[in-house]
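Any read-out appearing in this document is the output of simple, stated calculations on the displayed coordinates, not a laboratory observation. Every value quoted in this text rests on a predicted model; they were computed, and no experiment measured them. Methodologically, a virtual Cβ is constructed for each residue, glycine included, from the backbone with ideal geometry; neighbour enumeration extends over all protein chains shown.
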Amino acid sequence: MSLTIAEQVATRKELQENFAILNWSLDQVAEALQTTPAHLQAVLALEPAYIEEPWILKCFLEEKIRLAGREPVAFTALVGNPEDYWFLKQRRIQSGVLAPQ
């Protein structure tokens, strides 16, 4: 899934806004996703090791925000069910783990 420049800008902003809503430290989120803070920052900047990683982070943030009784910011490009995208490796997404770097 190739994002346009505008979609990349919007997705970075949406990831950052949801990260702020969650109000966890970078270290806490990195630990929960079994990665390093540096790699988590790379995914937040849309520089992932794998194309599935923004989806993993999106799902994580949305779930944790909702569990905290808040509403996440809606995504404009990462929409729908990732299973609907044939080119995404579902096993990687379902693992809920970001690649350690």
Report task. Kindly establish whether ILE51 is aliphatic (A, V, I, L, M) and under 18 Å from GLY96 (Cβ atoms). Result -> yes
Query raised in the report: SER2 versus (1) assigned to a helix (DSSP H, G or I); (2) free of Cβ contacts under 8 Å to residues at least 40 places away in the same chain; (3) farther than 18 Å from GLU62 by Cα: which is the lone unmet condition?
Result: (1)
**Report entry** segment 33-59, residues that are free of Cβ contacts under 8 Å to residues at least 24 places away in the same chain and either in a helix (DSSP H, G or I) or farther than 22 Å from SER2 by Cα (or both)
**Finding:** PRO37, GLN41
Requested in this report: Considering only residues that are in contact with a Phe, Trp or Tyr (Cβ under 8 Å, 6 or more places away or on another chain) and among the charged types (D, E, K, R), look in segment 72-93 and name the one that is surrounded by the most Cβ atoms within 10 Å (Cβ to Cβ).
Outcome: ARG92
Query - Within segment 15-32, tally of residues that are more than 20 Å from ALA99 (Cα to Cα) and in a helix (DSSP H, G or I) - result: 5
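Specify which of the listed residues (VAL73, VAL97) is over 22 Å from THR4 (Cβ atoms) and not in a helix (DSSP H, G or I).
It is VAL97.
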Requested in this report: Check GLU7, GLU62 and return the single one that is of a type in the set (Asp, Glu), surrounded by 12 or more Cβ atoms within 10 Å (Cβ to Cβ), under 11 Å from the mean Cα position of the chain (by Cα) and not in a loop (DSSP other than H, G, I, E, B).
Outcome: GLU62
Report summary line: Taking first residues from segment 8-32 that are touching a residue at least 12 places away in the same chain (Cβ under 8 Å) and of a type in the set (Ser, Thr, Tyr) and second residues anywhere that are surrounded by 14 or more Cβ atoms within 10 Å (Cβ to Cβ) and in a helix (DSSP H, G or I), the pairs with Cβ under 8 Å that are 6 or more apart or on different chains are THR11/PRO54
